[in-house]
Structures are given as C-alpha cells and as structure tokens.
Amino acid sequence: MEKTENELATLILDMAFYIHRELGPGLLESIYERVLIHELKKSGLEVENQVSLPLQWDGIVFEKGFRADIIVDKKVIIE
C-alpha cells in the first residue's frame, strides 16, 4: 500500500532523529544526507537525490532552476 505524504513525513522525521541521535551533532550535512538516503532505501522507499527541477519565469524555462536534496516516493522533498 502506498504511503501518504503525512505517513512519509512521519517516517522520514523518525529516521532523521534516529540518525542524529546515533551520529551526534557536528558532522557535514552530506554525511547525514548519505545515511538518511541509505536508511530510506533500506525501508523500501524510492529515493532520488540532488535532483534538478525546472523553474519557469516570464515564459522562460530554466531547466536547473532548483535542486532538491532528496525526493522520497515522488511526494516529499527534503532540504
């Protein structure tokens, strides 16, 4: 069964707090990001990272207008 955005958000936050408790503060963001991606994938979720998303402005489409750190199940963006 597919999870809702709220269910995903709860799962993501629980994982993030767990990782922070285990690793502690002070590491580079990239380390926490890699571990979170690993844990999310281990849970069977679809995870994309460093995804370029287009931005449209004044009739112009900028192909790399925004870069999402992590996208989970094509529903939740983590920054």
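Among the trypsin sites (Lys or Arg not before Pro) in the chain, those placed in a DSSP loop whose Cβ has at most 10 other Cβ atoms within 10 Å are 74.
Of the GluC sites (Glu not before Pro) in segment 1-71, the ones in a loop by DSSP (not H, G, I, E or B) with at most 10 other beta carbons within 10 Å are 2.
Helices in the chain, meaning DSSP H runs of at least 4 residues, each add -39500 (n - 2.57). Divided by all residues, the mean residue ellipticity at 222 nm is -14000 deg cm²/dmol. The largest-to-smallest principal axis extents of the Cα set in segment 5-78 are 47, 28, 17 Å. If Lys and Arg each add +1 and Asp and Glu each add -1, what is the summed charge of the other residues whose beta carbon sits under 14 Å from the beta carbon of residue 40? Around residue 40, the surrounding residues sum to -2.
No lab work stands behind these numbers, since they all come straight from the coordinates. Everything numeric here is computed off the predicted structure, so don't read it as measured data. Every residue, glycine as well, gets a Cβ built from its backbone with ideal geometry; the counts of neighbours run over all protein chains shown.
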